[in-house]
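Read the figures in this text as sums done on the coordinates, not as results from a lab. Fair warning: this is a prediction, and the values are worked out from it, not measured in the lab. Here Cβ is always computed from backbone atoms with ideal geometry, including for glycine, and neighbour counts include all displayed protein chains.
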Number of protein chains: 2
Amino acid sequence: MTQPPDRPSRPPAAKLSDVARLAGVSLATASKALNGRSQVRAETRRRVIEAAERLAFQPNPMARGLPAGRTGTVGLLTGDLEGRFSIPILMGAEDAFGVGRVAVFLCDARGDALREQHHVRALLGRRVDGLIVVGSRTDPRSSLGRDLPVPVVYAYAPSTDPADLSIVPDSVGAGRLAVEHLLACGRSRIAHVSGDPGYAAARERAEGAVAALSEAGLPLVGEVLFGSWSEGWGRAAAGMLLDRHPALDAILCGSDQIARGVLETARERGRRVPEDVAVLGFDNWEILTSGGRPPLTSVDLNLEQVGRTAAQALFAAFEGQPRSGVETIPCRLVIRESTAPLS
Amino acid sequence: MTQPPDRPSRPPAAKLSDVARLAGVSLATASKALNGRSQVRAETRRRVIEAAERLAFQPNPMARGLPAGRTGTVGLLTGDLEGRFSIPILMGAEDAFGVGRVAVFLCDARGDALREQHHVRALLGRRVDGLIVVGSRTDPRSSLGRDLPVPVVYAYAPSTDPADLSIVPDSVGAGRLAVEHLLACGRSRIAHVSGDPGYAAARERAEGAVAALSEAGLPLVGEVLFGSWSEGWGRAAAGMLLDRHPALDAILCGSDQIARGVLETARERGRRVPEDVAVLGFDNWEILTSGGRPPLTSVDLNLEQVGRTAAQALFAAFEGQPRSGVETIPCRLVIRESTAPLS
DNA sequence: AGCCCAGCCGAAAACGCTTTCGGGCGGAAG
DNA sequence: CTTCCGCCCGAAAGCGTTTTCGGCTGGGCT
């Protein structure tokens, strides 16, 4: 049972009572002064604050949270950390909360409902002030329930319960945005290769794209080609399209991965991108877009914004202004070299 | 100032005193019973535990932490969340800690030293029991200092201070592992294209590769080609290599991105992979390895293991068994189709 | 029968902070 | 010179748990 050897036992952290003594006031006054309560003379407050700084005082959040019943803590429950989508949302949320004011507990349920339950209990046990639930796809997911003791915001994947608040990217608008860009580039024979039709993202992007086309009085070239979210599918689908519809001048792809496959096949077939065929992806996954030949234009889902909005909504709920329903965040086009006006 | 409308005000969470009353014992006894203290009769303990379950009692961690001085909380300070490397480490750490026992505060300093300081202070203010610092590259980074009040473990990027404990992947061993695999496949004319030589990972992988080659009595084909971590560089370097050394039968690539570029160029030049040339990457980034033609053999850095080990080391430090120095975690080969024995 | 000791249990203090509430003090009004 | 009123400040009561320490009970020993 040896003690850890030579860690020089530093002076224990300063407490409020130390500050009060140094400033020559009582605990109560010191507390009020530091928390901006109004019942303190300006001069006294100054003295207390100065004392606190001299001692590098940091209030113990446990002691502080005990009377208040708040912890200054929120739980971030994510479906798949590995995945591409949780991370930017998480970062957006983190910086909306701001360092020092609120800290984020991270939990990954790895897509397992049981583990999710477990995490929720653990988080509530820690008395988090609120919860953000991040899905791994945009399909609606089951609600955590209405009777949780803290507010909950769903991000990316909406809750099936309309009484919950969900913040999601505007997939339909994303499809529309993509087509409008292609139209603005003078393209009129546009095809669409997408991923797994079991994903709402695939269906909704297609829906937006088709709507924008028909508003422009144009048909889609062929049907929407649903398949899988892979480069291989992109290659295969592009081959088929170029065979059947040699005249097409743009291929809208359901994801950057698919787009990479499409780019490759177009290149092998001797079609110049963007001169002959424009190619456009979704997700703006830098690792894929930047390495393409040419670099890939893509629709960014603004996930950081989704995260920030979710965090703000949680704040609003703390203040007693809960919202509900599904709020969508507009997407954003990032133009690189794979799309350009027809010359 | 309206109250939030119809959230049915649920009964407030059960406290220890409720449990005690229901079990017909005092607070002290209830506490001891639930915490496994020995001074309670088995029968009494049973009654208390049953009462606790009936009430779904969960101790308030703030109240619990106050006397104990521990919070059951650690801080995870990462350099770049976007990056590929923090995430698996984070997941490894998360599951080593186990749900419910320890919760992880996540902070991202985005590579900014000032913001890092800020986060460290915020975390210490929250009285975390320990810190894990995750870097975004394997190059040594400055220490947080020796006089922090809690144990610190550095993961992925080692600390420059040998008194700190760092857990890093074995980059030299990774280079060695890669070459040994190629040798086992009967390859003998091996070239190496790597990334930015400013990265220790690039230099150390090359070092291990060259060492393994020279132990086998073989030279490297050409020099190590350092460049950047991009597909474009992979394509360019591969073109150069195939021109100058037409006889080579394997190209070891410093990252999966580079490898993707190399694959592409080899294919365009009509070299069959793996029949004519084997190609091998590092990092095992699934999104890149699986989409290649053919799918890419790669060296996995075992980052989850790095995270788990870091978490365990932190536990050890809590128990008064701190370690120091740099500990390396061996890497692991993931064989796909881009390497195969010469037939 | 008297004593001692082990085994259990409960009263109370402590942890560090916030907040309520009462009281002192000074100045203005009467 | 009183009286009253506002403004500041401090004493003290919590917040929910752990832990210490003293007391009670009952059994075994003398």
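What is the Cα coordinate range of chain B on the first, second and third principal axes, sorted by size from largest, in whole angstrom?
Here the spans come out as 85, 51, 44 Å, largest first.
Only Cα pairs within less than 10 Å get springs; with that Gaussian network setup on chain B, which residue of B:Asn302, B:Asn284, B:Asn60 has the largest fluctuation?
Result: B:Asn60 has the largest fluctuation of those listed.
Put the label 7 Å from Cα along Cα→Cβ for A:Glu43; what are its distances to the other copies, in nanometres, shortest first?
6.9
From a point 7 Å beyond the Cα of B:Ser142 in the direction of its Cβ, which residues of the range B:156-188 have a backbone N at a distance under 12 Å?
It comes to B:160, nothing else.
Work out the charge dipole of chain A with +1 on the Cβ of Lys and Arg and -1 on the Cβ of Asp and Glu about the Cα centre, then indicate which of A:Ser86, A:Val19, A:Ser214 is farthest towards its positive end.
The residue sitting most towards the positive pole is A:Val19.
Go ahead and estimate [θ] at 222 nm for the protein assembly as shown from helices alone: -39,500 (n - 2.57) per DSSP H run with n ≥ 4, summed, over the residue count, rounded to 500.
Calculated at 222 nm, the ellipticity per residue is -12500 deg cm²/dmol.
So what is the diffusion coefficient of the range B:80-169 in µm² per second by Stokes-Einstein at 37 °C and 0.692 mPa s, using a Kirkwood Rh over Cα pairs?
Calculated translational D: 242 µm²/s.
For A:Arg323 and B:Ala68, FRET efficiency with R0 = 35 Å and r from the beta-carbon atoms, rounded to 0.05?
0.35
For the range B:15-57, with only Lys/Arg (+1) and Asp/Glu (-1) charged at the beta-carbon, what is the dipole magnitude about the Cα centre, in debye rounded to 20?
Roughly 120 debye, rounded to the nearest 20.
By count of other Cβ within 10 Å, fewest leading, how are A:Leu252, B:Leu77, B:Leu148 ordered?
Ranking A:Leu252, B:Leu77, B:Leu148 by Cβ neighbours within 10 Å, fewest first, gives B:Leu148, B:Leu77, A:Leu252.
Compute the projected area of the convex hull of the Cα atoms of the range A:252-314, averaged over all viewing directions, and report it in nm² to one decimal place.
With the hull built on Cα positions only, its mean projection is 4.5 nm².
Express the relative contact order of chain B as a whole percentage, based on alpha carbon pairs under 8 Å and six or more residues apart in sequence.
Relative contact order of chain B: 16 percent.
List, shortest first and in nm to one decimal, how far the label point of B:Arg272 (7 Å from Cα along Cα→Cβ) is from its counterparts in the other copies.
So the label point of B:Arg272 gives 3.4 nm to the other copies.
What percent do you get for the relative contact order of the range B:125-187 when only Cα pairs under 8 Å and 6+ apart count?
Computed over the range B:125-187, the figure is 27 percent.
Could you tell me the ratio Rg/Rh of the range A:176-324? Both radii from Cα atoms, Rh via Kirkwood.
1.07
Work out how much length B:Ala28 to B:Glu268 would gain on full extension: take 0.36 nm times their residue separation and subtract the Cα-Cα distance, in nm to one decimal.
78.7 nm
Percent relative contact order of the range A:65-159, based on C-alpha pairs within less than 8 angstrom and at least six residues apart?
Dividing the mean separation by the residue count of the range A:65-159 yields 35 percent.
A:Leu218 label points, 7 Å along Cα→Cβ, one per copy: pairwise distances from this copy to the rest in nm, shortest first?
Inter-copy label distances (nm, one decimal, shortest first): 5.3.
Name the most mobile residue of B:Leu27, B:Leu241, B:Leu183, meaning the one with the largest mean-square fluctuation, in a Gaussian network model of chain B with Cα contacts below 10 Å.
B:Leu27
Along its principal axes, what span do the Cα atoms of the protein assembly as shown show, with the longest given first and each in whole Å?
80, 69, 60
Kindly state, to the nearest 0.05, the FRET efficiency for A:Asn35 paired with B:Arg121, given R0 = 30 Å and r defined as their beta-carbon distance.
That pair, A:Asn35 with B:Arg121, gives E of 0.95.
Test of understanding: in a Gaussian network model of chain B with alpha carbons linked when under 10 Å, which of B:Ser298, B:Ser159, B:Ser324 would top the mean-square fluctuation ranking?
In the Gaussian network model the winner is B:Ser324.
Aspartates and glutamates near A:Lys15 by alpha-carbon distance under 14 Å, same-chain residues fewer than 8 away left out - which ones?
In chain and number order, the partners are A:Glu53.
Run the numbers for A:Asp95 and A:Glu286: contour at 0.36 nm per residue of separation, minus the present Cα-Cα distance, in nm.
66.6 nm is the gain from fully extending A:Asp95 to A:Glu286.
Would you please state the base-10 log of I(q)/I(0) at q = 0.12, 0.13, 0.17 1/Å for the range B:24-180, with intensities from the Debye formula using one equal scatterer on every alpha carbon?
Summing over Cα pairs of the range B:24-180 leads to -0.66, -0.73, -0.98.
Which FRET efficiency, nearest 0.05, do A:Glu207 and B:Glu337 yield, Cβ-Cβ r, R0 35 Å?
0.40
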